[in-house]
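Below is one structure, written out as structure tokens; the observations come after it.
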Amino acid sequence: MGDHDGGAHCAGPGCDSYIPPDDAAESTIDTGATLAEIEPGQGAGAFVEYEQGGKWRVFTACDTAITDYDCPWDIIVAVDEKSELVDFAAEGLEGSDSVAWRTSSGVRMVATNTLDFDGFTFETTPGATVRVDVYLDDAPAPAYIYWVGDGGLHQGSPTNPIDLTPSEP
């Protein structure tokens, strides 16, 4: 997992005017694969998992035990117009964290980690490709996206966002 060094924070109205890029790398995410060996406080990362039937999980961790920094995450997930994002639920969020509809086809989590996990689950049309966009310290953070695809652990994405398609619906 990556180490982070507390980058600059965005302030003002420009922080909320997100427009995703047109080009995104594409990858397979293995259905049923989990990232269970993660220890909170030991490394920074945004972890994505997929269960059969359209069930997704995104959770974050921080390297606070190593760096003494916290990790302010801003994560947006969305499906294309051919699919539906049905529902979502917070997982392990504290009072200052939030997860909410970004659009009718997208969800946004804003959360700060220290020595715990923060995350959310969401449900889509089974087999839907999901665009995952990760920011850490208000900066694009493709190096911190982790998922299992084609039988191996992917540690970072060549683009932010990345489009993940399940190996099985």
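Readers should treat all values here as calculations from the given coordinates under stated rules, not as data from a laboratory. The structure displayed is predicted, hence computed values, not measured ones. Note that each Cβ is placed from the backbone with ideal geometry, even for glycine, and that neighbours are counted across all protein chains shown.
Counting only GluC sites (Glu not before Pro) that DSSP places in a loop and that have at most 10 other Cβ atoms within 10 Å, the longest clean stretch of the chain runs over 82-169.
Going from the residue with the fewest nearby Cβ atoms within 10 Å to the one with the most, 62, 71 rank 71, 62. The charge dipole of the chain, taken about its Cα centre with unit charges on the Cβ of Lys, Arg, Asp and Glu (plus for the first two, minus for the last two), comes to roughly 320 debye. Derived scalar couplings between HN and Hα for the range 118-123 equal 10, x, 7, 10, 8, 10 Hz in order, rounded to whole Hz, by the Karplus curve 6.51 cos²θ - 1.76 cosθ + 1.60 (θ = phi - 60°), x for Gly and Pro. Amide hydrogen proximity for residue 29: with H placed 1.01 Å from N in the peptide plane, the residues at 5 or more positions away or on another chain lying under 5 Å are 165, 167.
Karplus-based coupling profile of the range 106-116, in residue order and whole Hz: x, 10, 10, 10, 10, 8, 10, 9, 10, 10, 9, with θ = phi - 60° in 6.51 cos²θ - 1.76 cosθ + 1.60 and x standing for Gly or Pro. One decimal place: the segment residue 165-residue 42 gains 41.4 nm when fully extended, by the rule 0.36 nm per residue minus the C-alpha distance. Taking amide H positions as modeled 1.01 Å from N, with prolines and chain starts lacking one, the residues under 5 Å from residue 154 and 5 or more places away or on another chain are 147, 148, 149. What net charge is computed for the residues neighbouring residue 158, neighbours being all others with C-beta under 13 Å from the C-beta of residue 158, Lys and Arg scored +1, Asp and Glu -1? Neighbour charge sum, excluding residue 158 itself: -3. Which one of 43, 127, 95 has the biggest mean-square fluctuation once the chain is modelled by GNM with Cα springs under 10 Å? Ranking 43, 127, 95 by mean-square fluctuation puts 95 first.
Classified by the C-alpha gyration tensor, the range 64-169 has an oblate form. Its axis ratio a/c, with a ≥ b ≥ c, is 1.5 or above, and a/b does not exceed b/c.
Here the label points at residue 94 and residue 112, each 7 Å from Cα along the C-beta direction, are separated by 0.8 nm in the simple model. Couplings for the range 141-149, taken from phi via the Karplus curve 6.51 cos²θ - 1.76 cosθ + 1.60 with θ = phi - 60°, read 10, x, 5, 9, 8, 10, 7, 9, x Hz in order; Gly and Pro are left as x. Across all C-alpha atoms in the range 67-106, the radius of gyration and Dmax reach 13.2, 43 Å.
Per residue, the average separation of C-alpha pairs within less than 8 Å and at least 6 apart gives the range 19-157 a relative contact order of 29 percent.
For residue 54, nonlocal amide neighbours, meaning residues 5 or more places apart or on other chains whose placed amide H falls under 5 Å from its own, are 127. Counting only Cα atoms, the range 18-123 measures 43, 29, 27 Å along its principal axes, largest extent leading.
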